[in-house]
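**Student:** Before we start, here is the structure in question, set down as structure tokens.
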Amino acid sequence: MTESEPKIRLVESTENTLEKKKKRFFSGLRNRLLALAAAGFITLGAGWGKDLSRQLEVEEKEATTELLLENEIKEDALVDFKDRIEREEPEFAELAEGYRKVIEAELKDLEKEVIQQNISSPTHQEQDGQAILAEQQEYESGVYRQGSVSQDIDNDHKLIAQLMSDSVFLKNNHTFLNTSFDDIFWGVALLNDSRNSRNIAAKFIKPPTIVFSPHSQYGVRRRADMTASFVSNQWQPKITLYPQAFMGPDKQINSNTYINFFIHELSHAFLAGSGDGKRVDRKMGNDFADVLDEGRVQGVTYKIVQYLNRNNPDLRPVYKEADSYDNYLIIAEIMESIARTHMNSDFLVEWQLGLIDYRTMLEKFKTAIDDLGLSANVYRSIVDFSFGENNNKASEKFLKDLLAELKLANKVNLSNDFIRSILTKGDVRY
Ligand SMILES: [Zn+2]
């Protein structure tokens, strides 16, 4: 053996690792972009696959032939995944049944809660009046831009009336959600694939409670939200649904919107809390953290919805209904393609769940970005990201810059409908 041999081997294996990373990134990103195009979020220009591979210096033979889309969740893959987890991680697998029962009962209670609403009661009217007055005062003192509190209240009342008079709307949707629960639970687990996270979930996260609230809190326009509290050493998630969680694009109650929003919140609830109860700083609520967290959750949601579509052909992923979340979703898909090339490939989920803090997550992104040979601008723009005055504009600019760095400007475009919707959106969160 000559002295130089081990050295050569080392160089070769480093090259192999780099090449492998690039290939993983390229094929991951290509699949994600194809899926987004099929769901109508983006359009792809001719040669986009070739451009991407050239940029990454990956040999790409099937750029034109492999344009056949496969959904990210496939039935046989999901069955295999479930079997493996039941065998190897029984504690996690047992959660499914417990969650299913709790959620079924919670949804039944939700139906009762909705029927008991009384918007003409003096207490309710007084609260509405206070919110309208508060807005008026803030507007007059120049603090608040002229808002739409009374319009929102009106909308909410109309939706509540519809929910109360349509006796089967909630029942039918809940029957569908209950019978689909296994698919939802295991689908989310598959998309979040992370053994560490499953361990934490089995030990520290309880199934969510679900409540109805007639109006979102004054000053915060929300369709739904998920909060978590730490009770006797476990996280207790709580999903709150406001009337606009049921509201379709025509402002009427809408099954498709509700199913999508419910799965979104459930998917938050599965990642509730912060790791093993240590309050790791995930910077949730900060700008880029929000983009990643909400974008990932919305990405999981649209894939689950696509999968459930086989049992319910009318069901489709929401877009144009979800404000800047559509932008976030595309950004999160690209970021996840980058993240999956890292040695610790599920660090994004670990951060969402609070196993690692925000800074550690960013450091891992930096490593992954450097290793892929992407420009340092990519990392810079993450660190410098800020919503400024407008979430939509800021996230759209970030997305365009990111695509330009990947040399995909004008090859990967937001669909026209989509851009129109961004221009006409308010700022409603969920
Ligand atoms: Zn959300």
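**Student:** In a solvent-free Debye calculation with one equal scatterer on each Cα, what is log10 I(q)/I(0) for the range 70-166 at q = 0.12, 0.18, 0.21 Å⁻¹, listed in the order of the q values?
**Tutor:** Values, matching the q order: -0.71, -0.90, -1.08.
**Student:** How large is the charge dipole for the chain, taken about the Cα centre, if only the Cβ atoms of Lys, Arg (+1) and Asp, Glu (-1) carry charge, to the nearest 20 debye? Walk me through the numbers before you get to the answer.
**Tutor:** On the way: 54 positive and 68 negative charges, 95 e Å.
My answer is approximately 460 debye.
**Student:** How much mean residue ellipticity at 222 nm does the chain get from its helices, if each DSSP H run of length 4 or more adds -39500 (n - 2.57) and you divide by all residues, to the nearest 500 deg cm²/dmol?
**Tutor:** Numbers: 17 runs with 257 residues, N = 430.
Calculated mean residue ellipticity at 222 nm is -19500 deg cm²/dmol.
**Student:** Oh, and also: Please state the relative contact order of the range 172-251 as a whole percent: Cα pairs under 8 Å, 6+ residues apart? Could you put the intermediate results ahead of the total?
**Tutor:** Numbers: 77 pairs, mean separation 22.3, N = 80.
Computed over the range 172-251, the figure is 28 percent.
**Student:** Would you be so kind as to identify which of Thr301, Leu56, Val114 lies farthest towards the positive end of the dipole of the chain, taking Lys and Arg as +1 and Asp and Glu as -1 on Cβ and the Cα centre as origin?
**Tutor:** Checked the options; the winner is Leu56.
**Student:** Which one, Gln217, Gln127, Leu315, is farthest towards the positive end of the dipole of the chain when Lys and Arg carry +1 and Asp and Glu -1 on their Cβ?
**Tutor:** It is Leu315, whose Cα lies furthest towards the positive end.
**Student:** Where the Cα atoms of the range 206-292 are projected onto their three principal axes, how long is each span, largest first, in whole Å?
**Tutor:** 43, 28, 24
**Student:** Still on this structure, please answer the following. For the range 261-277 and the range 304-365, what is the separation of their C-alpha centers, rounded to whole Å?
**Tutor:** 13 Å
**Student:** Which value in nm describes the separation of the simple spin-label points at Glu104 and Asn390, placed 7 Å from the Cα toward the beta carbon?
**Tutor:** 4.8 nm
**Student:** What do you get for Rg/Rh of the chain when both radii come from the Cα atoms and Rh is the Kirkwood radius? Let's see the in-between values first.
**Tutor:** Values: Rg = 22.9 Å, Rh = 23.2 Å.
My calculation puts Rg/Rh at 0.99.
**Student:** Can you give the percent of C-alpha pairs in the range 246-320 whose distance is more than 16 Å?
**Tutor:** 57 percent
**Student:** Which of the residue pairs Lys20/Lys82; Lys82/Lys206; Lys158/Lys206 have a Cα-Cα distance greater than 24 Å in the structure shown? Mind showing how you got there, number by number?
**Tutor:** Working: Lys20/Lys82 28 Å; Lys82/Lys206 20 Å; Lys158/Lys206 34 Å.
Listed pairs above 24 Å: Lys20/Lys82; Lys158/Lys206.
**Student:** Can you pull out the chymotrypsin sites (Phe, Trp or Tyr not before Pro) in the range 115-179 whose DSSP state is coil and whose Cβ has at most 16 other Cβ atoms within 10 Å? Mind dumping the intermediate values first?
**Tutor:** On the way: sites: Tyr139, Tyr144, Phe169, Phe176; in loops: Tyr144.
In loop regions of the range 115-179 (DSSP not H, G, I, E or B), the sparsely surrounded chymotrypsin sites (Phe, Trp or Tyr not before Pro) are Tyr144.
**Student:** For the chain, give the share of DSSP beta bridges that are antiparallel, in percent and rounded to the nearest 5; count only bridges with both residues there. Working shown, then result.
**Tutor:** Numbers: 12 of 18 bridges.
Once the DSSP bridges in the chain are tallied, antiparallel ones form about 65 percent.
**Student:** If you put +1 on each Lys and Arg Cβ and -1 on each Asp and Glu Cβ, how big is the dipole of the range 161-320 around its Cα centre, in Debye rounded to 20? Mind showing how you got there, number by number?
**Tutor:** Numbers: 19 positive and 14 negative charges, 48 e Å.
With Lys and Arg at +1 and Asp and Glu at -1, about 240 debye.
**Student:** Another question about this same structure. Cα-based Rg (one decimal) and Dmax (whole number) for the range 93-249, in Å?
**Tutor:** 18.7, 56
**Student:** Where q = 0.17 Å⁻¹, what log10 of I(q)/I(0) comes from the Debye formula for the range 151-221, counting one point per Cα?
**Tutor:** -0.90
**Student:** If you take the charge dipole of the chain about its Cα centre, with +1 on Lys and Arg Cβ and -1 on Asp and Glu Cβ, which of Phe41, Val79, His174 is farthest toward its positive end?
**Tutor:** Farthest towards the positive end: Phe41.
All of the numbers you see were taken from the coordinates with simple rules; none came from a lab. This structure is a prediction, so every number in the text was calculated from the model and none was measured. Using ideal geometry, Cβ is built from the backbone for each residue, glycine included, and neighbour counts are taken over all protein chains shown.
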